[in-house]
Amino acid sequence: MSRLTVPKTYKLFIGGAFPRSESGRTFEIVSAKGDFLANAAQASRKDARDAVKAARAAVPGWSGATAYNRGQVLYRIAELLEGRRGQFIDEIQRGENVSRTSAEKQVDEAIDRWVWYAGWADKYTQVSGNANPVSGPFFNLSVPEPTGVVAVVAPQDSSLLGLVSVVAPALVTGNTVVVVASEQFPLSAISLAEVLATSDVPAGVVNILTGMPGEIAPWLASHADVNALDLAGAEHLDWIELQISAADTLKRVLAPQNDVAPSLDRITAFTETKTVWHTKSML
């Protein structure tokens, strides 16, 4: 007799754990051809609040880690992703109905992107910071620091590469992240959560929500404990209204972007500049 397969129900990733949505809702993940792939939790506004709480709790530890340590953690993600390369290729090929060559390219670029951003962890300060010329016996230094909790709407047309492209740069400087994955292609995002859970990423540093960005994003935009908002994948939403909601709590906002290629600008977009004065020794 042929056996029935056990369909997997993927959970959310909040605070290093995999809870179901508090609403109890799920939705089906289907391939581009309409074939059933898996079930996924459909996040609610309560789940979004829980994710922000977890991200806030993780800020001191992650931002207080050395830049070298953060770089090593990001590189470790690339190592584990490389080890599960075949799984991600299969998921992307089935979910997005692309050729195996195209899926391989997306996975390889995602791995390389983690490595690229990992390399900037102990270097971006030297590039974006500065020793300022001032009059008088003083040192004047401008140093970039992390903004805090960054809420992200991931690109909707890319299951893995788009997600990595918006999460990795925010982590480089010590921010923590709450990201709403692609609604149509969430499978790789959930699998990436499993990679993060088994890597050296501290609990709460990355929190991944699946479901409807249109339902979750407004609550993240208005949440007073979110410091910045990346609307990279929100072009299909009323993102102007999201900007208005974010303005009430003076959030930094990055408007929707078609190009999320690796860049120093994406690293520094969610940093604040601290300027310090110090007297010169008179000896």
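The values are calculated or read from the model by the stated rules, or taken from the named source; none is laboratory data. Every value quoted in this text rests on a predicted model; they were computed, and no experiment measured them. Don't worry about glycine lacking a Cβ; one is built from the backbone with ideal geometry, like all the others, and counts go over all protein chains shown. SASA here: full protein model, heavy atoms, side chains in, ligands and nucleic acids out. Shrake-Rupley method; radii C 1.70, N 1.55, O 1.52, S 1.80 Å.
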Problem set entry | Cβ-derived FRET efficiency at R0 25 Å, Asn140 paired with Ala67, nearest 0.05 | 0.70
Seminar exercise, completed: In degrees, nearest 10, the alpha-carbon axis of helix 187-197 is tilted away from the dominant principal axis of the alpha carbons of the chain by 50 degrees
Seminar exercise, completed: Between Ser102 and His236, the two model label points (7 Å from Cα along the beta-carbon direction) sit apart by a distance in nm of 1.6 nm
Seminar exercise, completed: Row for segment 30-122, column shape: gyration tensor on C-alpha, a ≥ b ≥ c, rounded if a/c < 1.5 i.e. under 1.5, prolate if a/b over b/c, else oblate; value oblate
Exercise. Using 0.36 nm per residue, how much length does the chain from Ala255 to Glu82 gain when fully extended, once their Cα-Cα distance is taken away?
Worked result: 59.2 nm
Problem set entry | Alpha-carbon centroids, segment 141-156 and segment 1-60: separation in whole Å | 24 Å
Exercise. Tell me which aspartates and glutamates have Cα within less than 12 Å of Lys53's Cα, excluding those fewer than 8 residues away on the same chain?
Worked result: Asp225
For this session: Evaluate the charge dipole of segment 224-267 about its Cα centre and quote only its size in Debye, nearest 20, assuming +1 on the Cβ of each Lys and Arg and -1 on the Cβ of each Asp and Glu.
Result: 160 debye
For this session: For Val127 paired with Gln243, estimate the spin-label separation in nm (one decimal), with each label point 7 Å from Cα along the Cα-to-Cβ line.
Result: 2.7 nm
Exercise. So, by mean Cβ neighbours within 10 angstrom, what's the order for 219-226, 14-21 with the highest one leading?
Worked result: 219-226, 14-21
Problem set entry | Of Ser102, Ser199, Ser31, the one that fluctuates the most in a GNM where the chain has Cα springs shorter than 10 Å | Ser102
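Rounded, prolate or oblate: which fits segment 213-283 when a ≥ b ≥ c are the square roots of the eigenvalues of the alpha-carbon gyration tensor, with rounded for a/c under 1.5 and prolate only if a/b beats b/c?
oblate
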Problem set entry | Angle in degrees between helix 67-83 and the longest Cα principal axis of the chain, rounded to the nearest 10 | 20 degrees
Exercise. If the chain between Glu272 and Asp200 were fully stretched, how many nm would it gain, using 0.36 nm times the residue separation less the Cα-Cα distance?
Worked result: 23.3 nm
Exercise. Using helices alone, what [θ] at 222 nm do you get for the chain, with -39,500 (n - 2.57) per DSSP H run of 4 or more residues, divided over all residues and rounded to the nearest 500?
Worked result: -13500 deg cm²/dmol
Seminar exercise, completed: For the chain the translational diffusion coefficient, Stokes-Einstein from a Kirkwood Rh over Cα pairs at 10 °C and viscosity 1.306 mPa s, in µm²/s, is roughly 82 µm²/s
For this session: Give the accessible surface of the chain per residue, rounded to a whole number of Å², with probe radius 1.4 Å and ligands, DNA and RNA excluded.
Result: 47 Å²
Exercise. Along segment 241-251, what does the Karplus equation 6.51 cos²θ - 1.76 cosθ + 1.60 (θ = phi - 60°) give for ³J(HN,Hα), rounded to whole Hz, x for Gly and Pro?
Worked result: 5, 5, 4, 5, 5, 5, 5, 4, 10, 6, 6
For this session: Under a cut-off of 22 Å between alpha-carbon atoms, report the lysines in cross-link reach of Lys46, not counting same-chain residues fewer than 8 places apart.
Result: Lys11, Lys251
